[in-house]
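Here the structure is laid out as structure tokens; the discussion comes afterwards.
The values are calculated or read from the model by the stated rules, or taken from the named source; none is laboratory data. Here the structure is a predicted model, which is why all the values come from computation and not from measurement. Here the Cβ positions follow ideal geometry from the backbone for every residue, glycine too, while neighbour counts run over all protein chains shown.
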Amino acid sequence: MSIYLKKENCIKELLFIKNIKFLIILFIQIAFIKDAFSNNDYILKSPDGKISVDFSLTSYGESFYTISYSGVIVLRQSKLGIIRSDDDFSTNLTLESASDESTASENYKMLHGKRLNCSYYANKRVFHLKNSNAKMMNIIFQVSNDGVAFRYYFPGTTDTTIKILKEISSFHFKLAAKAFLEPCQDSRTGWCNTQPSYEEYYMNDILVGTSAPYKAGWVMPALFNFGNFWICITETAVDINYCGSRLSQLSPDGEYTIQFPQLTESRTDEPVLPEAVLPWYTPWRIIALSNGLANLVESTLETDLAAPVKYDVSSWLHPGIASWSWVILKDSATDYNTQRQFIDFASEMNWKYCLIDAFWDTQIGYAQIKQLTDYAKTKNVKILLWYNSAGDWNTAPLTPRGKLLTEASRNTEFQRLKDIGIAGIKVDFFDGDGQSMMKYYIDILKDAAKYKLAVNFHGSTFPRGWSRTYPNLVSMEAVRGEEYVTFNQHNADMQPSHCATIPFTRNLYDPMDFTPVNFSGIPGIIRRTTGGFEIALSVLFTSGIQHIAETPNGMASQKDFVKKYMSTLQNAWDDVKFIDGFPGKFVILARRKSDRWYIAGINGENVKRTVTLNFPFLSDTTKGIIITDSLNTKYFIKRNIDFSKPVNVLMYPYGGFVIKTL
């Protein structure tokens, strides 16, 4: 018996020793992790205290940040850092100092967009870091009530150019989150090598971590949903010293990183990756964050952080509506007689502009363009002209081509347009997001402003807050717009869900030239959307100059109250309210001009949807009209409404409505 007792005691001693060893190892691991991640830990909160950013620097000199909303982690530990051609600022960093918390605030006006008077208020902190070679990099964080922004700053001065090879910045989502993302086509693919042109459909409600179908990655703005939280990742303040960026093709464990353009996305032999001399600010990385969709949709965070206006155009540039033949009638309609009809159309509809598209130089000519411009002036209409941006980066044969490539050629052409009386230009077929292409966009904007020309970019990237900095930028395409519906039935089938997605994504902050509203149909295409859906787009989508897709004959066949409504479209908005919606399913927004509200909604699904609308911003005595679909959705109906009680609206499958207060 004693032998068994000794054996049992030995076993107990061994187990005790093993447990002690396990506890020691566990203690060491905990101490190691604590040592690695607790050094230099700082928290910065939004003014209302709901959004919190935790900045940390590990013992290995790697910087991270985490974002929480009311104590709930929304972005897990995400990376920070830059790798330059001359040095590494992603590891072996030490924190020299952290600034005291301060505030950043600004009030400004927008010529066009979702809100006339904008204000920004945020808490700010700057982290001064030094790498192993004693070179400095600052990381600037600003936290407002609608999100988080950060950027890098390299102080000092240099005579030699420095390149950034990689930006380490990442956005690490929980795996339970869902994403609404648009793939980016690879460079110099597609029709006449015109990709990327930001004209793909968003992939809605997909798992985070889903790989992008192309190496070029995912475009911004990128939308994410986690529980009741909505997050938009985008960038702003991209200028001539940086490239445009995307989110990475691969996102293991739900962690997306900043991805630079592909090496062919540039002007010939000019920079793709960022390069500049010091001092050097990088663009703002924006993580807009909202508990529910309202604060996100109503936010102006991208323009809040954009560079202030570079020049004043308010004395000569006025937002407005434009007629446009090409979207339905295509290239053959770019002739003198048809364009005169569209000038008359714009005048009859009380619209300010008429756009004359590609091949005007060969099918009409400068002399007759001058005649059309003079005629339009008698009708109180201004003329816009199309240009091909291209040098050698695409093979698109549309003309005029190559006239804007250099400062000298731009000045010659712009002076000629000024002498003719042209009000603006539409420039098409750019080559991605390399730094030299960003500079090309901005050079066109600056030079055009000297000659009092509005600018609309097509086949382009998205604006990144440029409409604030360069206010003669009235719109950019960067969307699969109405023209695609005219190409094939698949695009017509996709349009309802697509249109119900982009108010939350592409058109969330920046002007978008979708070219909406077609009532009378498209030859050879079965239009899925109803008239009520189409008329609602005139309010839902924002653009400094909104090009309407309907033709003179198509508009003439509409009921008088529809024509009257379309002749009173607003040129710019003073405010916006989110009413209801979900990306890809439906959306209802209210926009204000002076004391009049326009409320518009579309149904992106093939089901009937009844919505009960409350308008706390309207008095009980307010009156209005609603224009929506008839029972068979073949016609419009109009009826009077009041706002003394909630308004019930039936949206038919792929249907919609507009409400206008009186």
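Structure notes:
- Residue tally, condition in contact (Cβ under 8 Å) with a residue 60 or more places away in the chain and of a type in the set (V, I, T), over the range 498-528: 5
- Neighbours by Cβ (under 7 Å, 6+ apart or cross-chain): first from the range 93-112, over 20 Å from W466 (Cα atoms) and loosely packed, with under 12 Cβ neighbours inside 10 Å; second at pLDDT 95 or above and aromatic (F, W, Y): T103/Y121
- Note on the range 390-439: among residues that are in contact with a Phe, Trp or Tyr (Cβ under 6 Å, 6 or more places away or on another chain) and of a type in the set (G, A, S), the one that is surrounded by the most Cβ atoms within 10 Å (Cβ to Cβ) is A390.
- Test: residue in the range 180-194 that is in contact with a Leu (Cβ under 7 Å, 6 or more places away or on another chain) and at negative phi: yes
- Strands (runs of 3 or more DSSP E) completely within the range 542-608 that count 1 or more residues being surrounded by fewer than 23 Cβ atoms within 10 Å (Cβ to Cβ) and touching a residue at least 60 places away in the same chain (Cβ under 8 Å): 575-582, 586-593, 596-603
- Verdict on S315 being under 22 Å from S543 (Cα atoms) and without any contact (Cβ under 8 Å) to a residue 40 or more places away in the chain: yes
- Boolean, A306 is in contact with a strand residue (DSSP E or B) (Cβ under 7 Å, 6 or more places away or on another chain) and either of a type outside the set (D, E, K, R) or in contact (Cβ under 8 Å) with a residue 24 or more places away in the chain (or both): yes
- Residue count, the range 209-239 (criterion: in contact with a Phe, Trp or Tyr (Cβ under 9 Å, 6 or more places away or on another chain) and either among the aliphatic types (A, V, I, L, M) or surrounded by fewer than 23 Cβ atoms within 10 Å (Cβ to Cβ) (or both)): 14
- R76 at negative phi, modelled with pLDDT of 95 or more, in contact with a Ser or Thr (Cβ under 9 Å, 6 or more places away or on another chain) and surrounded by 17 or more Cβ atoms within 10 Å (Cβ to Cβ): yes
- Qualifying residue in the range 115-123 (condition: under 17 Å from S169 (Cβ atoms) and surrounded by 17 or more Cβ atoms within 10 Å (Cβ to Cβ)): no
- Yes/no for G217 being on the phi > 0 side of the Ramachandran plot and in contact with a Cys (Cβ under 6 Å, 6 or more places away or on another chain): yes
- Residue identified as touching a His at 6+ places or on another chain (Cβ under 6 Å) and of a type outside the set (D, E) among W324, W393: W324
- Verdict on Q371 being touching a Pro at 6+ places or on another chain (Cβ under 8 Å), closer than 29 Å to N571 by Cα and not assigned by TED's automatic domain parsing to the domain that holds I73: no
- Test: residue in the range 466-480 that is more than 22 Å from I444 (Cβ to Cβ), at pLDDT 95 or above and not basic (K, R): no
- Failed condition for T268, given (1) at negative phi; (2) modelled with pLDDT of 95 or more: (2)
- A residue that is at pLDDT 95 or above, hydroxyl-bearing (S, T, Y), crowded, with 17+ Cβ neighbours inside 10 Å and assigned to a helix (DSSP H, G or I) occurs nowhere in the range 382-389.
- On the stretch given as the range 58-88, residues that are touching a residue at least 60 places away in the same chain (Cβ under 8 Å) and among the aromatic types (F, W, Y) total 2.
- Screening the candidates Y201, Y214, Y242 for the property of being aromatic (F, W, Y), assigned by TED's automatic domain parsing to the domain that holds F55 and more than 18 Å from the chain's Cα centre (by Cα) yields one hit, Y214.
- Residues of the range 153-199 satisfying the condition of being of a type in the set (A, V, I, L, M), closer than 22 Å to I231 by Cα and not in a loop (DSSP other than H, G, I, E, B): A179, L181
- Count - residues of the range 116-152 that are of a type in the set (A, V, I, L, M), over 21 Å from the mean Cα position of the chain (by Cα) and part of a strand (DSSP E or B): 7
- Checking the range 427-445 against the condition returns a match, with at least one residue being part of a loop (DSSP other than H, G, I, E, B), in contact with a helix residue (DSSP H, G or I) (Cβ under 7 Å, 6 or more places away or on another chain) and at negative phi.
- Close Cβ contacts (under 6 Å, 6 or more residues apart or on different chains) running from residues in the range 136-150 that are more than 11 Å from R285 (Cα to Cα) and at pLDDT 95 or above to residues that are assigned to a strand (DSSP E or B) and among the basic types (K, R) comprise M136/K130.
- For the range 146-154, the condition holds for at least one residue, the condition being that it is out of contact with any Cys (no Cβ under 8 Å at 6 or more places or on another chain), over 26 Å from P261 (Cβ atoms) and not assigned by TED's automatic domain parsing to the domain that holds F504.
- Any hit, the range 264-285, residues being under 28 Å from N350 (Cβ atoms), over 23 Å from the mean Cα position of the chain (by Cα) and not in a loop (DSSP other than H, G, I, E, B): no
- Selection from the range 479-526 of residues that are in a helix (DSSP H, G or I) and among the hydrophobic types (A, V, I, L, M, F, W, C): V485, A492, M494, C499, I502, F504
- Some residue of the range 180-191 being more than 24 Å from K585 (Cβ to Cβ), among the acidic types (D, E), in contact (Cβ under 8 Å) with a residue 40 or more places away in the chain and assigned by TED's automatic domain parsing to the domain that holds P271: yes
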